[in-house]
Structures are given as C-alpha cells and as structure tokens.
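The values are calculated or read from the model by the stated rules, or taken from the named source; none is laboratory data. Just so it is clear, the structure is predicted and the values come from calculations on it, not from any experiment. FYI the Cβ positions are ideal-geometry reconstructions off the backbone, even for glycines, and counts take in every protein chain you see. Calculation scope for accessible area: heavy atoms of the full protein, side chains included, ligands and nucleic acids excluded. Shrake-Rupley method; radii C 1.70, N 1.55, O 1.52, S 1.80 Å.
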Amino acid sequence: MSFNKEIERRRTFGIIAHPDAGKTTLTEKLLLFGGAIQEAGAVKNNKIKKGATSDFMEIERQRGISVSTSVLAFNYKNKKINILDTPGHKDFAEDTFRTLTAVDSVIVVVDVAKGVEEQTEKLVAVCRLRNIPMIVFINKLDREGKDAFDLMDEVEQKLGLTVTPMSFPIGMGYDFKGIYNIWEKNINLFSGDSRKNIEETIAFSDVENPELDRIIGEKPATRLREELELIREVYPEFNRDAYLSGALQPVFFGSALNNFGVRELLDSFVEIAPAPRPKESETRMVEPSETKLSGFIFKIHANMDPKHRDRLAFLKIVSGTFERNKPYYHVRQKKNFKFSSPNAFFAEKKEIVDISYPGDIVGLHDTGNFKIGDTLTEGEIMSFKGIPSFSPEHFRYINNADPLKAKQLEKGIDQLMDEGVAQLFTLELNNRKVIGTVGALQYEVIQYRLEHEYGAKCTYENFPVHKACWVKPDDAKNDEFKEFKRIKQKFLAKDKYGQLVFLADSDFTIQMTVAKYPSVKLYFTSEND
Ligand code: G4P
C-alpha cells in the first residue's frame, strides 16, 4: 500500500467522558465490532473505583492495566483505528489534556440521565480551543433519561457546541424501541438479548411507509415522524467540512452496554472522522504526507517493573514513517537516537514493528532521555506546539525524610516530573522544592512510587499557594521587573524548564501585582519553551 493510502486509512481518536458515562463500555464494544476482541469484559476497566482499596493502591493497579489500554488499535472496514485512552479521574485531567494533543478527533460520551457533567465540560473546552472534530454519543438509552431534544439543547449550551443528530432514539428506558439512523436511513430495533448479538438493521428510506407502524407500533411511529420533522426544521444538515473544522458536532444515541447504536456510530465514524491532520510546530505547519519523519512524545509510562528502569515513551507520528533501527534526531537533546524495538499497539498487546505511519503511536523504550513534549525529526530543528502546563491546584514543599537517600530522591522526583505526574517548582530564594498537582491524590502516588521505585522517602509540608503564574522577563520594563523580583522574592520559583514562576497566594494578590507592575505579564499556562 502506498504511503499516502496508509495515512488516509488511519483514524486516531480519544473518547472523553465524565467518569461512569460509559467510556470503557463503549471502547470495548468498538473493539468487539472491530473483531479485535471476542467477548465483552476483555478490556479491563482502568478507572479508579471508589471502595475497599485505598486510592493510591488502586492507582497502582490502574497503572498496571493502563499500559495495555493506552492505545487500542484495530482494523475496521480497511481503516486502521487507534483509540487513545484518557483517564477519566479528575486528578489526572492533565494526562488527558496531553493525550488530546495526539488525537485527530474525539468521541464525547454523555449519560442520557445525567446529561452534561463537569469533567466533560472541561475536556470539551480543551477540544474546542484546538478545533478538534467531535462526535457526541448519548449513552444508556435503555434507561430512563432526559428528553432527547432537551439533551441536545444542554449539549449546545453547556458545551458550546452546534449539534446535528445523525440518529434518533425511538422511545427511551422501558419504552425504548430502537434507533432510527438518519444518516443511513434505517432502523435498528432493540431487543432484550442484544447484549451479545449484533442486531440486523431494517432499511427505511421513507419513514412515511406504513410498515413502520407495524414494526414499532402506531404511536411511536407517529411520534418518530414528528420528531424527524422537527429535526429537519431545527438542526442544520450534517456537513463534513463543518464537522472537520470543529463548527458542527454530529450526535448519536445508543446503549453501549447493549451494543446498541454502536455499529452506526462506528460506521459513520470511519466515514467522516479525519485522517491524521497537519500539526503546527513552532516554526511551521507540518503535513502528514511529508516524507521525513516528525513526531512528539505525549505520554511516558514508567517503571512497570521496578527492578528494571523501564519506561515507555509514546510517540505520535505527525509525518513520514518511523522505521526500526533508523537514527532520528532528538531536538531537545541535539542527538541522534536509534530504536531497536519500537512497539506498535494492538487491541490488548504490543509488538515490535518495523514501520509505522502518521497517525500511529509508537512505544519507545527509554532510559530517561525523553520528556513529555519532546520532538523527534530526521534532522530538522523544530518543536511541536501545544503541550502547555496548566497551573496546578495544590502545592506542597517536598522534604527528604532519609538523608542517606538524597540522590535517589532527586532522581525519583526528576523522572516522575518527566512523566508528567506533577510539576516541580524550585524556589529562587532557598532552592526548596515545591510539588504542584492537579489533585491531592498525586501526593500519595508520588510518595509511594518514590519509596517503591527509587528507595527514597519524603514528607510534605503545606505551602499556601493559590496559583502558579508564569512570568516572561522579556515582556517587562527593566526597573519594574527588578522591583517585582525584589518584593516578591519569597514567591518566585523556576519550573523544570527554568522558566520563572510567581506563586501567588490568592486572586487578590494576582490582581494587586498586575496593577502594581503592569509591564510584568502573568500567564496561567506555560508553553514549555
Ligand atoms: P466509564 O469508563 O466512563 O467510567 O464508564 P463504564 O464504561 O465503566 O460504565 C459505567 C457504568 O455504566 C457501568 O456499570 C456500565 O456497565 C454502565 N453502562 C455503560 N453503558 C451502559 C448502557 O448503555 N446502559 C446501562 N444501563 N448501563 C451502562 P457499573 O455497575 O458501574 O459497572 P459494571 O459492574 O457493570 O462493570
């Protein structure tokens, strides 16, 4: 197959949802339809369950699973599908934000009863900023939930989207009869035993056909006709270009648990979802069809076996092909590296591959050379944009609890930060280290992993910071900047890239600082440059 055909057939996407909306179930059903797994229950749930085990032990369990679910690839209708896993737990939101830099489109799962939830809002906001094409799947139609039109309104208002239904439910919950597929013009009838079987569809190009009344009943048929009429009046027609540019979001309805509406979703997905998209680097736009390799690391998975310092760095290929044993240029390190055993991912396993294409994710064994955001090329000096750090929400001093293990602690902190577990700030005044995280859970994870993987012990001490603000000295007037540095000395730190950060203790402080030193600009994200 030609290089361009290989690119054209790739679909790399992520599924985003508030926990419990049905992301894992949907992923599993997509794999079932793709023939990648044979039975339901094969995909382990990597979410953090509330319950008996303490949270951080649960995270360890989850980490063990998540290397195998990080990328799930399969072939469907001659398309190569790569699903990138995104953790649903809010304490790991940053992980998800990073993964979203590597997808070409997303499917947003919404629970029919709960509607749009908090985590979905945050994740969709990130996708909207980047104009990522989105498809919305409204799940759990076998349960009583909100009215379909109300839900679409809610999706539009809370998520800031413009939707168009591609399928529509016939009834809901107890009265759920099935799904009318507006796109393909057919009906998929729901029956109780559809959990295991994949249902046949009934073609119905003309809903006026009286046969419809016979099949789903007179009342539901009349209602469906009225609803379809309303849809035609109210919603824009599907337009692929609008979808691809992020201006229109098609909506599907179904029940992942019951295999319902999933085939329709997948069939439309492979038809409309984008092949690998161009990506902006700091110097230029990179097209997937360029023959020279370029790609970036969006995730690092470390130390699954604490005896070997094994890390797997996940590279998203943006352009060209990635070949085994060929030297590639590590732009930050200014060095060439060769990879003798790059991994490709399949449904539940990984295998060494000789060649991978744009859109694919390659797992590179790493001994500490990679950081999240690193770029590989065939010599060109460029870096891909778009993996900024956001201000953490929690801040604590980290102290060494075992003076004999200072080196191990240092190394452990360094590597965990490279992995993106948390952010490190080093205070300018006294070199004390402050760890910033999105959720309180990470402190337990860090302590546990430092001890088990690096043999180091740490304690924490509260540091009352509200927000980290990045400061670019070049922006500021010299005198003003000097004064700012002198007054705020105690609250200035460097992040791990050496950028200056102001650790503000309240919004009020931020406002006062902005008013007092107008030329000192405060930024709430870093672009890692
Ligand atoms: P998540 O990854 O988004 O967190 O959600 P997950 O797929 O784990 O689904 C959350 C719960 O919702 C699961 O139930 C799952 O079985 C259920 N679910 C998913 N899709 C549907 C659906 O279409 N209809 C109905 N009725 N339920 C659905 P659970 O009891 O939490 O877990 P389990 O014991 O079933 O695994």
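Any idea how many residues of the stretch 212-247 are crowded, with 18+ Cβ neighbours inside 10 Å and of a type in the set (Gly, Ala, Ser)?
Adding up the residues that qualify gives 2.
Name the single residue, out of those in the stretch 431-461 being over 29 Å from the mean Cα position of the chain (by Cα) and not charged (D, E, K, R), that is nearest to Lys407 (Cα to Cα).
The qualifying residue nearest to Lys407 (Cα to Cα) is Ala456.
Hey, can you tell me all the residues within the stretch 166-182 that are modelled with pLDDT under 85 and either surrounded by fewer than 17 Cβ atoms within 10 Å (Cβ to Cβ) or among the β-branched types (Val, Ile, Thr) (or both)?
Gly173, Tyr174, Asp175
Restricting to the stretch 374-387, what's the tally of residues that are modelled with pLDDT of 90 or more and open to solvent by 20 Å² or more (accessible area, probe 1.4 Å)?
5
Which ones in the stretch 4-26 are within 15 Å of the chain's Cα centre (by Cα) and within 9 Å of the ligand (Cβ to nearest atom)?
Ile15, Ala17, His18, Pro19, Lys23, Thr24
Scan the stretch 208-228 and give yes if some residue there is within 30 Å of Gly420 (Cα to Cα) and in contact (Cβ under 8 Å) with a residue 24 or more places away in the chain, otherwise no.
Going residue by residue through the stretch 208-228, those that are within 30 Å of Gly420 (Cα to Cα) are none.
There is no residue in the stretch 208-228 that is within 30 Å of Gly420 (Cα to Cα) and in contact (Cβ under 8 Å) with a residue 24 or more places away in the chain.
Any residue at all in the stretch 104-112 that is within 12 Å of the ligand (Cβ to nearest atom), surrounded by 21 or more Cβ atoms within 10 Å (Cβ to Cβ) and among the charged types (D, E, K, R)?
Filtering the stretch 104-112 down to residues within 12 Å of the ligand (Cβ to nearest atom) leaves 107-112.
Filter once more, so that each one left must be surrounded by 21 or more Cβ atoms within 10 Å (Cβ to Cβ): 107-112.
From what's left, among the charged types (D, E, K, R): 111.
Yes; the residues of the stretch 104-112 include at least one that is within 12 Å of the ligand (Cβ to nearest atom), surrounded by 21 or more Cβ atoms within 10 Å (Cβ to Cβ) and among the charged types (D, E, K, R).
Given the criterion at pLDDT 95 or above, closer than 26 Å to Ser191 by Cα and open to solvent by less than 40 Å² (accessible area, probe 1.4 Å), identify the matching residue among Pro274, Pro250.
Just a single option satisfies the conditions, and that option is Pro250.
So which of Glu428, Glu444, Glu419 ends up being more than 30 Å from Met285 (Cα to Cα) and at pLDDT below 90? So that I can check it myself, show each step before the final result.
Details: Glu428 fails: at pLDDT below 90; Glu419 fails: more than 30 Å from Met285 (Cα to Cα).
Of Glu428, Glu444, Glu419, the one residue that is more than 30 Å from Met285 (Cα to Cα) and at pLDDT below 90 is Glu444.
For the stretch 114-136, give me each residue that is closer than 14 Å to Asp20 by Cα and open to solvent by less than 50 Å² (accessible area, probe 1.4 Å).
Restricting attention to the stretch 114-136, the residues satisfying the condition of being closer than 14 Å to Asp20 by Cα are 114-120.
Once the filter is applied, which keeps residues that are closer than 14 Å to Asp20 by Cα and open to solvent by less than 50 Å² (accessible area, probe 1.4 Å), the stretch 114-136 yields Gly115, Val116, Glu117, Gln119, Thr120.
State whether the residues of the stretch 225-245 include one that is over 27 Å from Arg128 (Cα atoms) and either in a strand (DSSP E or B) or at pLDDT below 85 (or both).
no
Can you confirm whether the stretch 481-502 contains a residue that is part of a helix (DSSP H, G or I) and either within 27 Å of Ala302 (Cβ to Cβ) or open to solvent by less than 40 Å² (accessible area, probe 1.4 Å) (or both)? If you could, list the steps in order and put the result at the bottom.
Our first condition is that a residue be part of a helix (DSSP H, G or I); within the stretch 481-502, this holds for 481-487, 489-491.
Cutting the leftovers down to either within 27 Å of Ala302 (Cβ to Cβ) or open to solvent by less than 40 Å² (accessible area, probe 1.4 Å) (or both) gives us 481, 484.
Checking the stretch 481-502: at least one residue is part of a helix (DSSP H, G or I) and either within 27 Å of Ala302 (Cβ to Cβ) or open to solvent by less than 40 Å² (accessible area, probe 1.4 Å) (or both).
Among the numbered criteria (1) within 19 Å of the chain's Cα centre (by Cα); (2) outside any helix (DSSP H, G or I), which one does Leu141 miss?
(1)
So which pairs qualify, if the first residue must be in the stretch 141-165 and open to solvent by 60 Å² or more (accessible area, probe 1.4 Å), the second must be part of a loop (DSSP other than H, G, I, E, B) and within 16 Å of the ligand (Cβ to nearest atom), the Cβ gap must be under 6 Å, and the two must be at least 6 apart or on different chains?
Arg143/Ala113; Lys158/Val116
Among (1) over 22 Å from Arg311 (Cα atoms); (2) touching a strand residue (DSSP E or B) at 6+ places or on another chain (Cβ under 9 Å), which single condition is Pro403 missing?
Condition (2) is where Pro403 drops out.
On the given criteria, is Val434 open to solvent by 10 Å² or more (accessible area, probe 1.4 Å), within 17 Å of Ser526 (Cβ to Cβ) and β-branched (Val, Ile, Thr)? Walk me through it before giving the result.
On the way: open to solvent by 10 Å² or more (accessible area, probe 1.4 Å): no; within 17 Å of Ser526 (Cβ to Cβ): yes; β-branched (Val, Ile, Thr): yes.
For Val434, the condition - open to solvent by 10 Å² or more (accessible area, probe 1.4 Å), within 17 Å of Ser526 (Cβ to Cβ) and β-branched (Val, Ile, Thr) - is not met.
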